[in-house]
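The values are calculated or read from the model by the stated rules, or taken from the named source; none is laboratory data. Everything quoted here is computed from the prediction, not taken from an experiment. Every residue, glycine as well, gets a Cβ built from its backbone with ideal geometry; the counts of neighbours run over all protein chains shown. Note: areas computed on protein heavy atoms with side chains; ligands, DNA, RNA excluded. Shrake-Rupley method; radii C 1.70, N 1.55, O 1.52, S 1.80 Å.
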Amino acid sequence: MAMLTVEDLNVYYGAIHAIKNVSFYVDEGEIVTLIGANGAGKTTTLQTISGLLRSRTGSIIFQGKNISNTHPHLLVGQGLAQVPEGRRVFLQMSVEENLEMGAFTQPSSGVDRDLEMVYAQFPRLKERRRQVAGTLSGGEQQMLAMGRALMSHPKLLMLDEPSMGLAPILVEQIFDIIRDLNKQGSTILLVEQNAQMALSVAHRGYVLETGKVVTTGTGAELLKDEAVKKAYLGG
Ligand SMILES: Nc1ncnc2c1ncn2[C@@H]1O[C@H](COP(=O)(O)OP(=O)(O)OP(=O)(O)O)[C@@H](O)[C@H]1O
Ligand SMILES: [Mg+2]
């Protein structure tokens, strides 16, 4: 059974039908990417999985359990963590306080060990552990948001546009980290507008267009797909 199976989602904002019969799955150990243009419905899909929005139809099965009606904070305890679009770190708190907030579902006895695990992954955060998050650079804030999610020991890590607004060198670094985390055992659902990078790291991908899944395949297949190339890879 897949780690996550999303079946037949239909999500509305009032009269706007944002997600239309969307289905996909993520197997344990995979990196799966959802790519698509602005407004395609990528964030809406993630918000629905993490319980912040509701689908009118269908089901979301995570680790064998239907989580369609589960509160977001309970889902974190069940191993589902989301790094939201725009990072949303707590700007007035220090780096370390942000990371500690990510551990709210964990027994306090393990927090120091988990901080060291995150600092090993992101040495830059260790250097800046006492700095307030609002004064970090964009790339550092992205690392912090990812580190905060890792503090909850996620089985499935959902990343919403981790490369947004970053200089090319930092984009490379963030994607290296995504690859690393996956090699260390994290299953990842990655939402990106940077289709080239996302398809290069992903085992499989889905293309969303105006709320619908229009194409799916392995990362390599989608990189070679003529329609995908034309629409998302600059020719
Ligand atoms: N709170 C909201 N109220 C009304 N419409 C919304 C709301 N949030 C999103 N939408 C609409 O739903 C559609 C999907 O939006 P969504 O944010 O999921 O797109 P996205 O693929 O994440 O885009 P982007 O790449 O720009 O982040 C868009 O047409 C958007 O205008
Ligand atoms: Mg979005």
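Taken as Cα centroids, region 103-125 and region 147-205 sit 19 Å apart, rounded to the nearest whole angstrom. When the chain is treated as a GNM, springs tying every alpha-carbon pair under 10 Å, which of SER109, SER163, SER68 comes out with the largest mean-square fluctuation? Its mean-square fluctuation being the largest, the pick is SER109.
Looking at region 115-145, the trypsin sites (Lys or Arg not before Pro) that sit in a DSSP loop and have at most 12 other Cβ atoms within 10 Å of their own Cβ are ARG130.
Based on the Kirkwood radius over alpha-carbon pairs, what value in µm²/s does the Stokes-Einstein equation return for the translational diffusion coefficient of the chain at 37 °C and 0.692 mPa s? Stokes-Einstein gives a translational diffusion coefficient of 182 µm²/s.
Averaged over its residues, region 1-152 has an accessible area of 46 Å² per residue, based on protein heavy atoms and a 1.4 Å probe. What residue among ALA120, ALA145, ALA220 shows peak mean-square fluctuation when the chain is described by a Gaussian network model with Cα springs under 10 Å? Ranking ALA120, ALA145, ALA220 by mean-square fluctuation puts ALA120 first.
If you roll a 1.4 Å probe over the chain with all protein chains in place, what percent of the accessible area is carbon or sulfur? Carbon and sulfur together cover 52 percent of it. Each residue of region 120-137 was assigned a 3J(HN,Hα) from its phi angle through the Karplus expression (A = 6.51, B = -1.76, C = 1.60, θ = phi - 60°), giving 5, 6, 10, x, 4, 5, 5, 4, 10, 4, 8, 6, 6, 4, x, 9, 6, 6 Hz with x at Gly and Pro.
Distance from the Cα centroid of region 24-39 to that of region 209-225 is 10 Å (rounded to whole angstrom). The ellipsoid equivalent to the alpha-carbon distribution of region 1-86 has semi-axes of 19, 15, 13 angstrom, derived from the gyration tensor eigenvalues as √(5λ) and listed largest first.
Residue by residue through region 38-43, which ³J(HN,Hα) values in whole Hz follow from phi under the Karplus form 6.51 cos²θ - 1.76 cosθ + 1.60 (θ = phi - 60°), with glycine and proline marked x? These are the phi-based 3J(HN,Hα) values: 3, x, 5, x, 5, 5 Hz. For region 1-90, trypsin sites (Lys or Arg not before Pro) are listed when DSSP marks them as loop and at most 16 other Cβ atoms sit within 10 Å of their Cβ; the list is ARG54, ARG56, ARG88.
Compactness ratio for region 80-205: Cα radius of gyration over 2.2 N^0.38 Å (N = residue count) comes to 0.99.
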